[in-house]
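The numbers here are math on the coordinates, done by the rules we state, and not lab data. Please read all numbers here as calculations on a predicted model, not as lab measurements. Here Cβ is always computed from backbone atoms with ideal geometry, including for glycine, and neighbour counts include all displayed protein chains.
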């Protein structure tokens, strides 16, 4: 495992001409009452002998229960988190019903803290599509650059098509 490398996918859609991105809210009791600044793209660590892009697809599926489309996939580059972790992301156009319960993988945690009781919690407990203005308030600060890069790339492609 590349312990200092994570990979993820950002699904986006156009809703009545408005760009929206899919974000996930972290599961578990520590995040129940936390909202702005806590959401993120579905992402996770890279396993041994796994490519970074393969890890991005696997993590998206594990955390959302959705099978991402590989069509029109493009890189959003990487960001560096304060802890030194590198996070790579790719974007693709897609859609899903965010009113359905998320089928996320689970993690173990002692809860209540210091109780000795181990419980299972979903890695992501909610998904939501947000326009980019709202998404910039919801997303973890360190992942903000991915939304900016998505907007820039899609704007560039739109302008290029208008010229042709």
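Axis of helix 52-64 versus longest Cα principal axis of the chain: the two differ by about 60°, to the nearest ten degrees.
DSSP finds beta bridges in the chain, and of those with both partners inside it, around 75 percent are antiparallel. A Förster distance of 45 Å, applied to the separation of the beta-carbon atoms of residue 34 and residue 54, puts the FRET efficiency at 0.90. Maximal additional length on extending the residue 96-residue 134 stretch stands at 11.8 nm, based on 0.36 nm per residue less the C-alpha distance.
Distance from a point 7 Å along Cα→Cβ of residue 108 to each backbone N in segment 1-35: keep the residues under 18 Å and list them by number. Answer for segment 1-35: 28-29.
Any chance you could give the angle, 0 to 90 degrees and rounded to 10, that helix 144-163 forms with the longest Cα principal axis of the chain? The answer is roughly 20 degrees. For P(r) over Cα pairs in 10 Å bins from 0, in percent, pick the label among (i) 10, 38, 36, 13, 3, 1, 0; (ii) 11, 44, 37, 8, 0; (iii) 10, 41, 36, 12, 1 that corresponds to the value derived from the coordinates. Correct label is (i).
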